[in-house]
Amino acid sequence: MPNTFLTRKPWNSLRINVACLNSIVCMGAPRLHFHLRRIRKMQSFLLDFDERFGAYLSPREFCLYNMCNNHFFYNRDPFELFLKCNNNDRVLIVTDPPFGCRTELIAHTLRSLVRLHNRINCLPATPLPIFWVYPYYMANYIKQDMPELQMCDYKLNYTNHSRYTNVGIARRSYGSPVRVFTNVPLELLQLQSAEGYKYCDKCKRYTGIENVHCDRCGNCCSQNGQTYRHCQFCDMCVKPNYVHCTNCRRCSQREGHVCALYQSMQRCWLCGQRSHIETNCRLWLQLKRRDRQQKQRKDQHYGCIICGQRGHSERRCTQRCRYFKETQFMGQAVIVARNKCSQKLRKL
Ligand SMILES: [Zn+2]
Ligand SMILES: [Zn+2]
Ligand SMILES: [Zn+2]
Ligand SMILES: [Zn+2]
Ligand SMILES: [Zn+2]
Ligand SMILES: [Zn+2]
C-alpha cells in the first residue's frame, strides 16, 4: 500500500463502549478504514473522493464518492449490501472531511446516509452513531447544522499535517485543535489519563486535564486545550490571554483590539442580534421606553443592564424573562420581545 494513503493517525486511544458495533462507514477517512480492516479485522467501507483507492480496494469495501452532495460515482449496490444488518448489528459512521467543507453539506449527507440505512433495513427513523472529525472552532457551525452532535475533548493528531500535530517544531503549545463531534453520549467515550485526560464528575464526561470545571458556568469550558478563567464581568469563562474591555463589555485579545470594529462583530446579549452590543441595543431602548417603571442605569459598562446588579451578564439575568421570550427551534434560540414587540430575533 503506498504511504500516501496512510495519512492519518489511527484512533488507538479513543475507546467506544457501543455494544455490537461491527460495521463502520469511513467517509473520507482512509487511514481509519485500513486500520479497521487490516489490523482490527472489522467490517469497514470506505467512501472517498480519491479514485486511486479503486486500484487497490474491491467494490465491496470502496466506492468513489463525493461527500458534499452524497454522490456515488460507482454502482451503489455493494455499499447498500454493506449497510444491510442482521438483528444485533450496529453501523457507525465516521467522517473526516477537509476542513474547508461547508458543514451544512456534510450534515445533509450524513442524514441521507442514515435514511438510506433505515430504508434498507426497514427501520423507522433510527439514529446511527456518528463521529465527525473537525476543528473545535467550527463547533458553532456543527451545532447549528446537527444540534444532536456534541464535542468530545479528545485531541486528534495528524501525522502528515504540520498545523495539526503534537510532534516536532510545529507542535502547538496546547495540542491539536482537531476534535470529534458525536451523537454518542460523551460519558461513553473513555479518554486515557496517561494521555492527559480526566473524568469530570459534574459534567459526566472526559476532558483534558487542563480543563478546570467552572461552577458558575456549570461546565468544563475550555475548548482549545488551555485553562480558561472565569471573567466576572462577562460572566463566562474566557481564554487566559484575553483582557476585559469595559467599553465593549467583553473579554477579547488585547492585540489589535479596536472597539468599534470588535463591537460590529458581536452578538447582543439582550436581543441576540448581530453587529451591536447591549449598550447600543435598539430593541432594549424601545422596551425601556415602553416600560416607564424601568429606571435609567447610569453605569452600563459594569453589571447587568436589565436589573442593574453586578456579578452576572444579561444572558443569565433572572429578570430577562420579563422582557424577552426565548424558544428553541432547530438548535437555535429564538428571542422575541414580550408583548407589544413582535420583532423576531436570533440566538445569543
Ligand atoms: Zn466539568
Ligand atoms: Zn465560568
Ligand atoms: Zn470579561
Ligand atoms: Zn473594546
Ligand atoms: Zn440588541
Ligand atoms: Zn440582571
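The values are calculated or read from the model by the stated rules, or taken from the named source; none is laboratory data. Everything quoted here is computed from the prediction, not taken from an experiment. Ideal geometry is used to build each Cβ from the backbone, glycine not excepted, and the neighbour counts take in all protein chains shown. Surface areas here come from the heavy atoms of the whole protein model, side chains and all, with no ligands, DNA or RNA. Shrake-Rupley method; radii C 1.70, N 1.55, O 1.52, S 1.80 Å.
How much length is gained if the chain between Tyr56 and Arg38 is pulled fully straight, taking 0.36 nm per residue apart and subtracting their Cα-Cα distance, in nm to one decimal?
Taking Tyr56 through Arg38 to full extension adds about 5.2 nm, to one decimal.
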Which aspartates and glutamates, on any chain, are close to Lys143 with Cα under 16 Å apart, when same-chain ones fewer than 8 places away are left out?
Glu104, Asp153
Based on the Cβ-Cβ distance from Arg111 to Asn87, what FRET efficiency comes out when R0 is 41 Å, to the nearest 0.05?
0.95
Ordering Leu113, Leu285 by accessible area with a probe of 1.4 Å, largest first, what comes out?
Leu285, Leu113
Just how much of Ser23 is accessible, in Å², when a 1.4 Å probe is used and the result is rounded to the nearest 10?
10
Hand me the trypsin sites (Lys or Arg not before Pro) from segment 261-293 located in a DSSP loop with no more than 14 other Cβ atoms within 10 Å, in residue order please.
Arg292
Can you tally the net charge around Asn121? Count Lys and Arg as +1, Asp and Glu as -1, for every other residue whose Cβ sits under 14 Å from the Cβ of Asn121.
+2
I'd like the distance separating the alpha-carbon centroids of segment 108-162 and segment 196-264, in whole Å.
26
Exceeding 23 Å between C-alpha atoms, which entries from my cross-link table qualify? They are Lys198/Lys239; Lys202/Lys325; Lys84/Lys155; Lys84/Lys204; Lys41/Lys84.
Lys202/Lys325; Lys84/Lys155; Lys84/Lys204
